[in-house]
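Chemist: So that we are looking at the same thing, I have put the structure below in structure tokens.
The values are calculated or read from the model by the stated rules, or taken from the named source; none is laboratory data. Please read all numbers here as calculations on a predicted model, not as lab measurements. When we count neighbours, we look across all protein chains shown, and the Cβ atoms used for this are built from the backbone with ideal geometry, even at glycine.
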Ligand SMILES: CC(C)(COP(=O)(O)OP(=O)(O)OC[C@H]1O[C@@H](n2cnc3c(N)ncnc32)[C@H](O)[C@@H]1OP(=O)(O)O)[C@@H](O)C(=O)NCCC(=O)NCCS
């Protein structure tokens, strides 16, 4: 089990096979999927598939979404992090910032905290040139998180027939910003 980041309250580590129940609790919740195509999973087998797919990305691209664990209780909160995304934009691939948390953990600043950690990892450890993100234009919380951690709105585009906001931050922009963000 590989731990990538530790904060005061969170452990951010590779997703493992034994996270299947956590992924099931996360991805079977219709509210979690409200802005993700409204197609929650229905079986634990599907949760295993999600984990297999993400673990394959670790091997193929050296990065993929990571599990977020409550340090005190060891509870599975959800996932966060970067993904080499090849499906969302028709014309290009990119490194995507994302997060998905079980509902009981919403509203505690966890998405914001893990997004900042993911950006720091992407720029400082992976030395990426830029990191992008997309959010359904109706998804107020996610759009807020992306702006709060320093991503810049670029344009609106259609994904799965829904308008999405497209965001980007470059490494020089992050370097200029990150000291301020760290103090939020
Ligand atoms: C989106 C999501 C990750 C946010 O996680 P979170 O930990 O609750 O987010 P944070 O607490 O860090 O910050 C959320 C911000 O959005 C705001 N917010 C939340 N719901 C909101 C709403 N309905 N309208 C406006 N603002 C809202 C919060 O007030 C907060 O801003 P603030 O810190 O300035 O007060 C969480 O709701 C989730 O997992 N949703 C399901 C999966 C998903 O949609 N992922 C993103 C796909 S693009």
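Chemist: Collect the residues in the range 89-104 that are within 14 Å of the chain's Cα centre (by Cα) and within 14 Å of the ligand (Cβ to nearest atom), keeping them in residue-number order.
Modeler: 96, 97, 98, 99, 100, 101, 102
Chemist: Restricting to the range 106-127, name every residue that is more than 6 Å from the ligand (Cβ to nearest atom), surrounded by fewer than 17 Cβ atoms within 10 Å (Cβ to Cβ) and under 15 Å from residue 142 (Cα atoms). Can you show your working first?
Modeler: First, the residues of the range 106-127 that are more than 6 Å from the ligand (Cβ to nearest atom): 113-127.
Filter once more, so that each one left must be surrounded by fewer than 17 Cβ atoms within 10 Å (Cβ to Cβ): 120, 124-127.
Selection gives nothing.
Chemist: For the range 65-85, how many residues are more than 15 Å from the ligand (Cβ to nearest atom) and within 14 Å of residue 54 (Cβ to Cβ)? Please lay out each step first, then the result.
Modeler: Let us first name the residues in the range 65-85 that are more than 15 Å from the ligand (Cβ to nearest atom), namely 71-74, 84.
From what's left, within 14 Å of residue 54 (Cβ to Cβ): 84.
Residues flagged as more than 15 Å from the ligand (Cβ to nearest atom) and within 14 Å of residue 54 (Cβ to Cβ) within the range 65-85 amount to 1.
Chemist: Further question: Tell me which of these residue 139 doesn't satisfy, since it passes every other one: (1) more than 12 Å from the ligand (Cβ to nearest atom); (2) out of contact with any strand residue (DSSP E or B) (no Cβ under 7 Å at 6 or more places or on another chain); (3) farther than 24 Å from residue 173 by Cα; (4) touching a residue at least 60 places away in the same chain (Cβ under 8 Å).
Modeler: Going through the list (1) more than 12 Å from the ligand (Cβ to nearest atom); (2) out of contact with any strand residue (DSSP E or B) (no Cβ under 7 Å at 6 or more places or on another chain); (3) farther than 24 Å from residue 173 by Cα; (4) touching a residue at least 60 places away in the same chain (Cβ under 8 Å), residue 139 breaks only (1).
Chemist: Pairs, please: C-beta under 6 Å, at least 6 apart or cross-chain, first residue within 18 Å of residue 65 (Cα to Cα) and in the range 87-99, second assigned to a loop (DSSP other than H, G, I, E, B)?
Modeler: Final answer for the pair search is 93/86; 95/128.
Chemist: On to the next question. Any residue at all in the range 120-134 that is in a helix (DSSP H, G or I), without any contact (Cβ under 8 Å) to a residue 24 or more places away in the chain and within 16 Å of residue 83 (Cβ to Cβ)? Lay out the reasoning, then the answer.
Modeler: Quick first cut of the range 120-134, residues in a helix (DSSP H, G or I) only: 120-125.
Next, from what is left, pick out any that are without any contact (Cβ under 8 Å) to a residue 24 or more places away in the chain: 124-125.
Right, trim to within 16 Å of residue 83 (Cβ to Cβ) and you get 125.
The answer is yes, given that some residue of the range 120-134 is in a helix (DSSP H, G or I), without any contact (Cβ under 8 Å) to a residue 24 or more places away in the chain and within 16 Å of residue 83 (Cβ to Cβ).
Chemist: Six or more apart or on different chains, Cβ under 8 Å: which pairs go from a residue in the range 150-172 that's assigned to a strand (DSSP E or B) to one that's modelled with pLDDT under 95? Could you list them?
Modeler: Every condition considered, the pairs that remain are 169/177.
Chemist: For residues in the range 49-88 being closer than 15 Å to residue 130 by Cβ and under 11 Å from the mean Cα position of the chain (by Cα), which is surrounded by the most Cβ atoms within 10 Å (Cβ to Cβ)?
Modeler: 82
Chemist: Quick one: residue 145 ticks every box in (1) part of a strand (DSSP E or B); (2) near the ligand (Cβ under 10 Å from one of its atoms) except a single one, so which number is it?
Modeler: For residue 145, the exception is condition (1).
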